[in-house]
Amino acid sequence: MDFLKVENLCKVYGRGENQVTALDHVNLTIGKGEFTAIIGSSGSGKSTLLHAIAGVDVPTDGKIFLDGQDVYAKSNEKLAVFRRRQVGLIYQFHNLIPTLNVVENITLPILMDRRKVNEERLNDLLDLLGLQDRKNHLPNQLSGGQQQRAAIGRALMNAPAVMLADEPTGSLDSRNGKEIIHLLKESHKKYRQTLIIVTHDENIALQADRIITISDGRVVRDERQVGSS
Ligand code: ADP
């Protein structure tokens, strides 16, 4: 079954002369556990699409179904819970809370959900992220790569069904960038997650099962790659 279905998705920003059509009737389906790269020039609508899938940017028209659920048919409250539990979103700028240490940042979505932290999972994640010896550090005491890993940890803590990453390596040097992609792929395999990465980087895109190209808010190419990852 299709895990993610995007149906006639449109997003228009602004009004009148300032109106911008960021997404223009996008249709696509993605299977469970697929690793997809979304590429396209700057301003083509990649981030808008990713944010619409993540449930953070309400579309002007069209629908998104995730695991059979109509994402934007939910009340705001239910949508917020859905996002916290089902979707891991990773930005280029890590959005960590500066006054919270690594463990506190990673477990924040769980605490916001008033649920109990699964200590075993937290420990597994700290191992996977290579952050065991940095777990009590504040974000400004970490390198850029470590901060990005902590942000990934926060996105992974809820074992989300789908991981969405918007230029996750954009602010990192090439070594740290490679590590982050390796980590995303490891977790995608380990937890059978559906992974979607928006990227400018051809080397990252070539590692995906599938590459979708967006231009002027439309899907202009959709290719499956043989022998990827
Ligand atoms: P990409 O991620 O491919 O660089 P975006 O999805 O960020 O592209 O943007 C698509 C288009 O929508 C661009 O023309 C951009 O200027 C416009 N856009 C994005 N966000 C907003 C916004 N909040 N308000 C107005 N226009 C926006």
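The values are calculated or read from the model by the stated rules, or taken from the named source; none is laboratory data. No experiment lies behind these values; they were computed from the predicted model shown. So basically every Cβ, Gly included, is an ideal-geometry build from the backbone, and we count neighbours across all protein chains shown. We work out accessible area using only protein heavy atoms, side chains counted, and drop any ligands, DNA or RNA first. Shrake-Rupley method; radii C 1.70, N 1.55, O 1.52, S 1.80 Å.
Observations
- Applying the condition of being within 16 Å of the ligand (Cβ to nearest atom) and closer than 29 Å to I110 by Cβ to region 58-83 and asking which residue is most open to solvent (accessible area, probe 1.4 Å) yields V58.
- Residue that is of a type outside the set (D, E, K, R), buried (at least 17 other Cβ atoms within 10 Å of the Cβ) and away from the ligand (no atom under 14 Å from the Cβ), where the choices are G55, G33: G55
- Any hit, region 17-26, residues being away from the ligand (no atom under 14 Å from the Cβ), more than 26 Å from T213 (Cβ to Cβ) and either β-branched (V, I, T) or touching a Leu at 6+ places or on another chain (Cβ under 8 Å) (or both): no
- Sole residue being polar (S, T, N, Q) and open to solvent by 30 Å² or more (accessible area, probe 1.4 Å), chosen from N105, N95, N101: N95
- Here the condition is being under 30 Å from Q69 (Cα atoms), modelled with pLDDT under 90 and away from the ligand (no atom under 16 Å from the Cβ); of L156, L108, L128, L172, it holds for L156 alone.
- No other residue among I180, I212, I204, I197 is open to solvent by less than 60 Å² (accessible area, probe 1.4 Å), within 16 Å of the ligand (Cβ to nearest atom) and outside any strand (DSSP E or B) apart from I204.
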